[in-house]
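Participant: The structure that follows is given in the form of structure tokens.
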Amino acid sequence: MINTRDKEYDVLVMVVPKDFLRLRDNYERYEEYLPGRNIYFVGSEEVGRLVSESGLGARVGWIDENSILPFDEVHRVMEERMSEWLVGRPLPRNITGWYYQQFLKMEYARVCKEKYYLVWDGDTIPCRHFSMFAENGVPYLDLKHEYHEEYFNTLTKLVPDLHKCIDKSFIAEHMLIDAKLMRELIGDIEQADFKGNVFWEKIIWSIDMAKIQSNSFSEFESFGTYIVLRHPEAYRLRNWHSFRYGGEFFHSDRITPEDYEWLGRDFYAISFEKAHTVRADHENLFDNPEYQSKLSARQMLEIAQEEFEGDSYKEVWD
């Protein structure tokens, strides 16, 4: 059920042209199912052209990422931070890009004119309607199951009294951000005793060189932890179920409305990460109408997860 407050904020989707093209045929579901007022793809001028040509609906538009935070400024600092490792070689843009899209989500708080903004991962497609507010008007912080120690090592270095404080994870492919509280977190980070003046410089210089290429900061874990420890009354925690490894069982260019309807009975959304492909033994499995008529998406995934090895991410139902 959509809450009236869901029309009081905009949605930001950070994306690069290649990924927009990869999932373009699925983005029509943003207009239909994402809450919020307007939906903005945030990216380069090429992303803006693709959005304009795609006809995704009246609610969908584009914001130039450089109008929020210039990529080249972040890339320059990242090159300086990694100069010892680079020894004169150019830094690949994708190393900066992983951190840059997180910094964009945080920096937007400084230009946001509303109380909230929703950030949504560009590789994730909604399966059904949902609200980001409880019936009493309190916003949700959504939870899944994941843990990466280095995210919290970095956060504690930046703001010493922030630490992992709940069993679950705030990494849920989206987050409704209170702009004022994000600005507070940014202000605390900018007090940290690391090189630089602005929060993203402090973050870059706080990460150990040996770990900077292994993704050692999380904007979601940082903001969620800040909320729970400093402003627990500001949000309500909610378990969020989405099909994280959807790209290992569905082809993004073949998934049908019937598949989405079936998935939507158990999941809010499905993700198609660019590194995931459908293995031969996963073909004609989740997208098989006969199987769908006999088993729910949750039941199918629980069976499939029995074969997952090692520390592979698993969807968990409490």
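Each reported figure results from applying straightforward, stated rules to the coordinates on display, with no laboratory input. Please read these numbers as outputs of a predicted model, since none were measured by experiment. Reconstructed Cβ throughout: ideal geometry from the backbone, glycine too, with neighbour counts over all protein chains shown.
Participant: What is the distance in Å between the Cα centroid of segment 273-311 and that of segment 160-196?
Facilitator: Using only Cα atoms to place each centre, the spacing works out to 35 Å.
Participant: Could you give the dipole magnitude of segment 13-145 about its Cα centre, charging the beta-carbon of Lys and Arg +1 and that of Asp and Glu -1, in debye to the nearest 20?
Facilitator: 180
Participant: Next question. Give me the mean projected area, in nm² to one decimal, of the convex hull enclosing the Cα positions of segment 161-209.
Facilitator: Mean shadow area of the hull around the Cα atoms is 4.7 nm².
Participant: As a check on your grasp of the helix formula, calculate [θ] at 222 nm for the chain: sum -39500 (n - 2.57) over DSSP H runs of n ≥ 4, divide by the residue count, round to the nearest 500.
Facilitator: Helix-only estimate at 222 nm: -10500 deg cm²/dmol.
Participant: Relative to the first principal axis of the alpha-carbon coordinates of the chain, what is the inclination of helix 179-189, with its axis defined by its Cα atoms, in degrees from 0 to 90 and to the nearest 10?
Facilitator: 50
Participant: So, one more: How big is the C-alpha Rg of segment 242-305 next to the rule-of-thumb value 2.2 N^0.38 Å, as a ratio?
Facilitator: Normalised Cα radius of gyration, segment 242-305: 0.99.
Participant: Can you work out ³J(HN,Hα) from phi for every residue in segment 119-125, in order, using Karplus 6.51 cos²θ - 1.76 cosθ + 1.60 and θ = phi - 60°, giving whole Hz and x for Gly and Pro?
Facilitator: 9, 9, 5, x, 9, 10, 10
Participant: Then there is this: Under a point-charge model restricted to the Cβ atoms of Lys and Arg (+1) and Asp and Glu (-1), what is the dipole moment magnitude of the chain relative to its Cα centre, in debye to the nearest 20?
Facilitator: Roughly 740 debye, rounded to the nearest 20.
Participant: State whether segment 79-160 is rounded, prolate or oblate according to the following rule on the C-alpha gyration tensor (a ≥ b ≥ c being the square roots of its eigenvalues): a/c under 1.5 gives rounded; otherwise a/b larger than b/c gives prolate, and the remaining case gives oblate.
Facilitator: Verdict is prolate for segment 79-160.
Participant: Right, another one. I'd like the distance separating the alpha-carbon centroids of segment 47-113 and segment 207-228, in whole Å.
Facilitator: 17
Participant: Under a crude label model (7 Å from the Cα following the beta-carbon direction), how far is Lys211 from Glu73 in nanometres?
Facilitator: 2.7
Participant: Still on this structure, please answer the following. Using the Cα atoms of segment 4-239 to build a convex hull, what is its mean projected area in square nanometres?
Facilitator: Average of the hull's projected areas for segment 4-239 equals 12.7 nm².
Participant: Can you compute the charge dipole magnitude of segment 242-305 about its Cα centre, using +1 on each Lys and Arg Cβ and -1 on each Asp and Glu Cβ, nothing else charged? Give it in debye, rounded to the nearest 20.
Facilitator: 180
Participant: When the chain is fully extended, how far beyond the present Cα-Cα distance does Leu229 get from Glu150, taking 0.36 nm per residue of separation?
Facilitator: My answer for the length gained is 26.5 nm.
Participant: Let me ask another. Which one, Ala297, Ser242, Phe286, is farthest towards the positive end of the dipole of segment 242-305 when Lys and Arg carry +1 and Asp and Glu -1 on their Cβ?
Facilitator: Toward the positive end, the furthest listed residue is Ser242.
Participant: For segment 34-43, take each phi angle, set θ = phi - 60°, evaluate the Karplus expression 6.51 cos²θ - 1.76 cosθ + 1.60, and give the result in whole Hz per residue in order, putting x for glycine and proline.
Facilitator: Karplus values, whole Hz, x for Gly and Pro: 6, x, x, 8, 10, 10, 10, 6, 10, x.
Participant: Next question. Let a ≥ b ≥ c be the square roots of the eigenvalues of the Cα gyration tensor of segment 197-315; is it rounded (a/c under 1.5), or, if not, prolate (a/b larger than b/c) or oblate?
Facilitator: prolate
Participant: Here's a follow-up. Can you list the HN-Hα couplings for segment 259-276, worked out from phi with the Karplus curve (6.51, -1.76, 1.60; θ = phi - 60°), rounded to whole Hz and with x for Gly and Pro?
Facilitator: 4, 4, 5, 5, 4, x, 6, 10, 10, 6, 7, 10, 10, 10, 5, 5, 7, 8
Participant: Modelling each spin label as a point 7 Å along the Cα-to-Cβ direction, I'd like the Ala58/Arg37 distance in nm, to one decimal.
Facilitator: Label-label distance for Ala58 and Arg37, simple model: 1.5 nm.
Participant: If you don't mind, another one. What is the set of long-range amide H partners of Ile63 at a cut-off below 5 Å, with H atoms built 1.01 Å from backbone N?
Facilitator: Placed amide hydrogens put Phe41, Val42, Gly43 under 5 Å from Ile63.
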